[in-house]
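Just so it is clear, none of the values below were taken in a lab; they were calculated from the coordinates. Since the model is a prediction, treat every value here as computed from it, not as a measurement. Cβ: placed from backbone, ideal geometry, glycine included. Neighbour counts: every protein chain shown.
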Amino acid sequence: MEHLLIKITDTLFIGTYETAKQRELLRENGIDCILNVAAECENFFETEFNYTRMPFEDRENEYIRRGFDDASEIIFKYSVLGFTIMIHCTANRSRSSTVCIAYLMKKKGYSLRRAWETLKNLDINLSWNRNFFLQLVQYELEIYGSNSLVAEDFDLLRLQR
């Protein structure tokens, strides 16, 4: 598995489980905090980094939406304090990207379309399951009262990867 660490904002990175094992890579990139959103991934270096764990499964019936607000608050809090955070799951394609997009919508004012395009333009190979996508569509509706993407866009987005 590739060691992947991609900068999303000045204080937010997204990475993989393999990245989370690379103490020096994390330090070189100024990572202070780690948000682990994968049930199967253990935390490394817990005495050296501020860890938060949200153990989500990468399965069709997972209700990842239950973590959107808390994850957004955690990322925002650390950012305001001047800390740099990395979100990771196993491969950086589904859960961490979903949580990252939820944060960009909730705290940065991005539409779902803009957040998706931001990650796509950074060469993040998004591999959402349909359920995660639909939860983001619903979240955008809750935040803004309208949608920039709808359920029918799911297949189109998968083709554009």
The chain: relative contact order from alpha carbon pairs under 8 Å, six or more residues apart, as a whole percent, is 23
Note on the chain, DSSP bridge orientation, antiparallel percent to nearest 5 equals 25
Taking Cα atoms, the helix 112-121 axis meets the longest principal axis of the chain at an angle in degrees (rounded to 10) of 50
Taking the alpha-carbon centre of each part, the distance from region 5-64 to region 85-129 in Å is 13
In nanometres, the difference between 0.36 nm per residue of separation and the alpha-carbon distance of residue 53 and residue 66 is 3.3 nm
Magnitude of the Cβ-charge dipole (Lys and Arg +1, Asp and Glu -1) of region 5-159 about the Cα centre, nearest 20 debye, reported as 280
Placing one equal point scatterer on each C-alpha of region 87-155 and summing with Debye, one gets log10 I(q)/I(0) at q = 0.12, 0.16, 0.24 Å⁻¹ equal to -0.26, -0.47, -1.09
Between the modelled labels at residue 7 and residue 134 (7 Å from Cα along Cα→Cβ) the distance in nm is 3.8
Across region 5-159, qualifying lysine pairs (alpha carbons under 17 Å, at least 8 places apart or different chains) come out at 6
Counting all Cα-Cα pairs in the chain, those more than 27 Å apart amount in percent to 16
